[in-house]
Amino acid sequence: MKVFEKAPAKINLSLDVLSKREDGYHEVEMVMTMVDLADRLEMQELSRDTIIISSQAGYIPLDEKNLAFQAARLIKERYDVRRGVYIHLDKKIPVAAGLAGGSSDAAATLRGLNRLWELNISNQELMELGAQLGSDVPFCVQGGTALASGRGERLEPLPSPPQCWVILAKPPINVSTGEVYGKLKVSEIQNHPSIPAMVHSIRTGRFDLMCRSLGNVLEEVTLDLFPEVRQLRQSMERLGADGVLMSGSGPTVFGLVSKYSKAAKIYNGLRGFCKEVYAVRLLI
Ligand code: ATP
């Protein structure tokens with residue numbers, strides 16, 4: 001038996017940090033959605049009781065550090081499944097990019113193994129399992145568009161945003177999410193994004209308002225650490241994107257564009273100096 005799952009990348013349309021909690025996590029409010037750039041997972045039953053991960057991407061761990069491995073181990077332990085699985089990850093989402101590639105692989109593994117082993121686990125339970133693997137995993141299990149709060153695991157589903165082109169560009173640097181949050185001084189944040197304005201733009205299908213409401217309090221931290229991210233952001237604006245923002249803790253910057261001709265111009269303009277550029281649609 002074999003099952004296939006798609007693991008799409010997420011972008012943050014809005015990311016606000018409200019406070020630092022006693023448990024070390026930050027209290028956040030985020031509007032998240034998915035884009036049509038996805039890893040593909042193939043899961044195959046093994047006769048031996050073991051978990052094997054493979055991938056064509058040479059730069060991710062294939063042992064218990066891989067989030068897909070951790071998801072498989074968690075589901076096996078929780079539901080006492082004494083069967084093995086071979087998971088192949090066809091990576092398309094750039095790694096350590098702020099696009100939740102690992103979290104989405106973990107979520108796809110939970111969904112896929114639920115089917116492969118016919119466990120009948122509810123979506124709610126899968127999301128609770130996902131929360132043990134990472135703050136973004138419950139959203140990746142649920143998919144769509146959502147307002148997330150808490151450490152990102154409390155979700156309120158939102159309708160689909162107005163459709164548009166999304167140009168993603170990742171400069172060749174690695175950003176540590178922990179370092180970015182560590183450098184954030186919550187009491188000194190000057191510009192908190194308006195989450196209600198973003199939610200309103202989505203509920204009313206207003207693309208112009210959605211572009212104006214984009215905001216991410218982590219941007220300043222990453223932009224100060226890596227000037228090349230700031231330059232990329234400026235280039236995207238100069239090339240005419242309707243709205244521009246860094247996703248998560250970066251370094252990927254995305255531009256929203258309503259017209260295909262403009263999307264093509266931005267894509268071609270960026271490709272000259274940035275190797276990892278993608279033009280995709282929102283996954284709605
Ligand atoms: P987020 O936006 O949730 O912070 P990210 O997009 O910044 O995530 P990932 O691509 O998930 O980052 O990778 C972060 C780290 O996790 C990498 O350093 C990588 O080694 C490790 N990792 C573990 N499992 C995976 C996986 N399946 N795919 C990619 N990276 C993985």
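Over segment 101-242, consider all pairs of different Cα atoms and compute the Kirkwood hydrodynamic radius from their mean reciprocal separation; express it in Å, one decimal.
17.5
Could you give P(r) for segment 1-52, binned at 5 Å from zero, as whole percent values over all Cα-Cα pairs?
5, 15, 12, 13, 12, 12, 12, 12, 6, 1
Let me know the whole percent of all Cα-Cα pairs from segment 1-94 that are separated by more than 18 Å.
Within segment 1-94, distances greater than 18 Å cover 59 percent of Cα pairs.
What is the percent carbon and sulfur in the accessible area of the chain, measuring with a 1.4 Å probe over the protein chains and ignoring ligands?
Solvent-exposed carbon and sulfur of the chain make up 48 percent of the total.
Dimensions of the chain along principal axes (Cα, Å, largest first)?
Ordered largest first, the chain gives principal extents of 56, 43, 36 Å.
Per residue and in cubic angstrom, what volume does the convex hull of the Cα atoms of segment 161-284 have?
About 104 Å³ per residue, rounded to a whole number.
Taking the radius of gyration and the Kirkwood hydrodynamic radius from Cα positions alone, what is the Rg/Rh ratio for segment 52-111, to two decimal places?
Result for segment 52-111 is an Rg/Rh of 0.97.
Which whole-percent values make up P(r) of segment 238-278 when all C-alpha to C-alpha distances are grouped in 5 Å steps starting at zero?
Once binned at 5 Å, the Cα pair distances of segment 238-278 give 5, 23, 31, 27, 11, 2.
Leaving out ligands and nucleic acids, and using a 1.4 Å probe, what accessible area per residue does the chain come to in Å²?
In whole numbers, the chain has 45 Å² accessible per residue.
Counting only C-alpha contacts under 8 Å and six or more residues apart, can you give the relative contact order of segment 165-281 as a whole percent?
For segment 165-281, the relative contact order is 42 percent.
Compute the normalised compactness of segment 2-158: alpha-carbon radius of gyration over 2.2 N^0.38 Å, N being the residue count.
Ratio of Rg to 2.2 N^0.38 Å for segment 2-158: 1.01.
Any chance you could count the Lys pairs in segment 2-158 whose alpha carbons are under 29 Å apart, treating pairs 8 or more apart or on different chains as valid?
Lysine pairs, 8 or more places apart or on different chains, close enough: 20.
Normalising by the residue count of segment 80-201, find the relative contact order in percent from Cα pairs under 8 Å and 6+ residues apart.
Computed value for segment 80-201: 18 percent relative contact order.
Quick check for segment 165-281: number of Lys pairs with alpha-carbon distance under 26 Å, counting only pairs 8 or more apart or on different chains?
Lysine pairs meeting the criterion: 9.
What ³J(HN,Hα) values, in whole Hz, does the Karplus curve 6.51 cos²θ - 1.76 cosθ + 1.60 give for segment 165-181 when θ = phi - 60°, with x put for Gly and Pro?
8, 10, 9, 10, 9, 10, x, x, 9, 9, 10, 8, 4, x, 5, 5, 5
By the gyration tensor of its Cα atoms, with a ≥ b ≥ c the square roots of the eigenvalues, what is the shape of segment 105-162: rounded for a/c under 1.5, prolate for a/b over b/c, or oblate?
prolate
Based on alpha-carbon centroids, what's the gap between segment 31-87 and segment 109-168 in Å, whole number please?
Cα centroid to Cα centroid, the span is 16 Å.
What 222 nm value per residue comes from the helices of the chain, counting each DSSP H run with n ≥ 4 as -39,500 (n - 2.57) and dividing by all residues, nearest 500 deg cm²/dmol?
Helix-only estimate at 222 nm: -10000 deg cm²/dmol.
Could you run the Karplus curve 6.51 cos²θ - 1.76 cosθ + 1.60 with θ = phi - 60° over segment 28-42 and give me ³J(HN,Hα) per residue in whole Hz, x for Gly and Pro?
10, 9, 9, 10, 10, 9, 10, 10, 7, 9, 9, 7, 10, 10, 10
Any idea what the relative contact order of segment 2-158 is, in percent, if you count C-alpha pairs under 8 Å spaced at least 6 apart?
In percent, rounded to a whole number, it is 28.
The values are calculated or read from the model by the stated rules, or taken from the named source; none is laboratory data. Remember, it's a predicted structure, so these values are computed and weren't measured experimentally. Heavy atoms of the whole protein, side chains included, go into the accessibility calculation; ligands, DNA and RNA do not. Shrake-Rupley method; radii C 1.70, N 1.55, O 1.52, S 1.80 Å.
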